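Asks: Dropping a structure here in structure tokens format, bear with me for questions.
The values are calculated or read from the model by the stated rules, or taken from the named source; none is laboratory data. Given the structure is predicted, the values throughout are model-derived calculations rather than measurements. Positions of Cβ are backbone-derived with ideal geometry, glycine not excepted, and every protein chain shown enters the neighbour counts. Just the protein is used for accessible areas: all its heavy atoms, side chains included, with ligands, DNA and RNA removed. Shrake-Rupley method; radii C 1.70, N 1.55, O 1.52, S 1.80 Å.
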Amino acid sequence: MRWVTVATEQGPRACGVWQGRYVDVNAADSRLPSSVKGLLALNGDDQRAARGAVERGTTSYNPGASRLLAPVPDPQKIICIGLNYRDHAEESGMPVPSEPVLFSKYPSALIGHGAPIVLPSVSNEVDYEAEMVVVVGRGGRFIPVEKAMEHVGGYAVGHDVSARDWQLNKPGKQWMAGKTFDTFAPIGPELVTTDEVADPHKLGIRLRLNGQTMQDSNTNQLIFSINQLVAYLSGIVTLEPGDLIFTGTPPGVGMARKPQVWLKPGDVVEVEIDGLGVLRNPVVAEKAPG
Ligand code: MN
């Protein structure tokens, strides 16, 4: 199943993508949750019931006329992995890590497919990063690596927008500050459940800036695999349904180019992952405060 969160007059609504429509799952069966996070927390039988409800549902939205939020707009945690592709660590002038490099974003950074990335007026070096996002299904703590894939609910296309001047040039190289400006975490359009993804470690991942390919790699290049990341993170925090894990970006970011490339108003960025979809966001300037 592919789940989306549609912005409606009744607020955010979880919908399954079915026969070219977004079908409201809670409207089809009021015992089912109205959020994708709630759906991810269901046991197997109830998840099957949710899929059945989508197939029978009659309240639906036209994708062409809908505004999408991030598939999970309200996660408890957004955990990001830095330097998880060997070539990207090298192009960044950083050592290839021996353990995952972690930072985080806040949910206020999340936007959906089609929503604008807002360039902060306080940054002059906003960069792009194509990333696969792992969405936690069943939560847990101290999850063994051999059971870790059972805790994955699905996958989505993500974009780790990064203000390099804040990430790297502030005292202490404060990654989080550079990574969590509002709108710096586009995700979507859809959450694709694990049964629809044959091998998440073998997906082409690309980023196009105004139609020009800037990143072109494959998730088979990940240094730390999905199961290793889930196990590692669950040794630090309790993972909850709907938590989002950005898994790192391949080479080709703007910072590492000569000359360097920074996002500017009017740009359009597309991130594409095989089988997961295309996430497209325009870039706009921040309006002056007040
Ligand atoms: Mn990243």
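Asks: Conditions: (1) of a type in the set (Val, Ile, Thr); (2) under 22 Å from LEU239 (Cβ atoms); (3) surrounded by 18 or more Cβ atoms within 10 Å (Cβ to Cβ). THR194 meets all but one. Number of the miss?
Replies: Looking at each condition in turn, THR194 falls short on (3).
Asks: Name the residues in the stretch 251-290 that are over 18 Å from GLY178 (Cβ atoms), surrounded by 21 or more Cβ atoms within 10 Å (Cβ to Cβ) and of a type in the set (Val, Ile, Thr), would you?
Replies: Hits for the stretch 251-290 are VAL271, ILE273.
Asks: Listed residues ASN43, ASN26; which is at pLDDT 95 or above and not small (Gly, Ala, Ser)? It would help to see each step written out before you state the result.
Replies: Details: ASN43 fails: at pLDDT 95 or above.
Going through ASN43, ASN26 in turn, just one is at pLDDT 95 or above and not small (Gly, Ala, Ser): ASN26.
Per-residue answers, yes or no, for (1) within 16 Å of the ligand (Cβ to nearest atom); (2) among the aliphatic types (A, V, I, L, M); (3) more than 20 Å from the chain's Cα centre (by Cα); (4) closer than 20 Å to VAL135 by Cβ:
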| position | (1), (2), (3), (4) |
| --- | --- |
| ARG13 | no, no, no, yes |
| TRP18 | no, no, yes, yes |
| LYS37 | no, no, no, yes |
| VAL54 | no, yes, yes, yes |
| ILE81 | yes, yes, no, yes |
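Asks: What number goes with the only condition from (1) in contact with a strand residue (DSSP E or B) (Cβ under 8 Å, 6 or more places away or on another chain); (2) surrounded by fewer than 19 Cβ atoms within 10 Å (Cβ to Cβ) that SER234 does not pass?
Replies: The failed condition is (2).
Asks: Would you confirm, using the coordinates I've provided, whether GLU146 is within 13 Å of the ligand (Cβ to nearest atom), within 22 Å of PRO241 (Cβ to Cβ) and out of contact with any Lys or Arg (no Cβ under 8 Å at 6 or more places or on another chain)? Write out each step before concluding.
Replies: Details: within 13 Å of the ligand (Cβ to nearest atom): no; within 22 Å of PRO241 (Cβ to Cβ): yes; out of contact with any Lys or Arg (no Cβ under 8 Å at 6 or more places or on another chain): yes.
The answer is no for GLU146.
Asks: Of all the residues that make up the stretch 31-60, how many are open to solvent by 70 Å² or more (accessible area, probe 1.4 Å) and farther than 27 Å from LEU110 by Cα?
Replies: Taking the stretch 31-60 first, the residues open to solvent by 70 Å² or more (accessible area, probe 1.4 Å) are 31, 43, 45, 48, 55-56, 58.
Keeping just the survivors that are farther than 27 Å from LEU110 by Cα gives 31, 45, 48, 55-56, 58.
Of the residues in the stretch 31-60, 6 are open to solvent by 70 Å² or more (accessible area, probe 1.4 Å) and farther than 27 Å from LEU110 by Cα.
Asks: Going residue by residue through the stretch 176-195, is there one that turns out to be among the basic types (Lys, Arg), away from the ligand (no atom under 16 Å from the Cβ) and at negative phi? Give the derivation first.
Replies: Here is the first cut: in the stretch 176-195, the residues among the basic types (Lys, Arg) are 179.
In the following step, the residues that additionally are away from the ligand (no atom under 16 Å from the Cβ) were identified as none.
Scanning the stretch 176-195, I find no residue that is among the basic types (Lys, Arg), away from the ligand (no atom under 16 Å from the Cβ) and at negative phi, so the answer is no.
Asks: Which one of ASP74, ASP87, ASP127 is closer than 21 Å to VAL157 by Cβ, open to solvent by 50 Å² or more (accessible area, probe 1.4 Å), within 14 Å of the ligand (Cβ to nearest atom) and in contact (Cβ under 8 Å) with a residue 12 or more places away in the chain?
Replies: ASP87
Asks: Let me ask another. Being open to solvent by less than 50 Å² (accessible area, probe 1.4 Å) and polar (S, T, N, Q) is the filter here; which residues of the stretch 61-71 pass it?
Replies: SER66
Asks: Still on this structure, please answer the following. Can you confirm whether the stretch 150-158 contains a residue that is within 15 Å of the ligand (Cβ to nearest atom), open to solvent by 10 Å² or more (accessible area, probe 1.4 Å) and in contact with a helix residue (DSSP H, G or I) (Cβ under 6 Å, 6 or more places away or on another chain)? Talk me through it step by step, then tell me what you get.
Replies: Keep residues of the stretch 150-158 that are within 15 Å of the ligand (Cβ to nearest atom), which gives 156-158.
Adding the requirement that they be open to solvent by 10 Å² or more (accessible area, probe 1.4 Å) leaves none.
Within the stretch 150-158 (the criterion being within 15 Å of the ligand (Cβ to nearest atom), open to solvent by 10 Å² or more (accessible area, probe 1.4 Å) and in contact with a helix residue (DSSP H, G or I) (Cβ under 6 Å, 6 or more places away or on another chain)), the answer is no, since none of the residues qualifies.
Asks: Quick check on my filter: what residues within the stretch 90-124 are open to solvent by 10 Å² or more (accessible area, probe 1.4 Å), among the charged types (D, E, K, R) and within 14 Å of the ligand (Cβ to nearest atom)?
Replies: Within the stretch 90-124, GLU91 is the sole residue that qualifies.
Asks: Would you confirm whether or not the stretch 163-171 contains a residue that is within 16 Å of the chain's Cα centre (by Cα), more than 14 Å from the ligand (Cβ to nearest atom) and open to solvent by less than 50 Å² (accessible area, probe 1.4 Å)? Step through it out loud before you land on a result.
Replies: Taking the stretch 163-171 first, the residues within 16 Å of the chain's Cα centre (by Cα) are none.
No, every residue in the stretch 163-171 fails to be within 16 Å of the chain's Cα centre (by Cα), more than 14 Å from the ligand (Cβ to nearest atom) and open to solvent by less than 50 Å² (accessible area, probe 1.4 Å).
Asks: Name the one entry in GLY242, GLY248 that is in contact (Cβ under 8 Å) with a residue 60 or more places away in the chain, crowded, with 19+ Cβ neighbours inside 10 Å, away from the ligand (no atom under 16 Å from the Cβ) and part of a loop (DSSP other than H, G, I, E, B).
Replies: On the way: GLY248 fails: away from the ligand (no atom under 16 Å from the Cβ).
After ruling out the rest, the residue left standing is GLY242.
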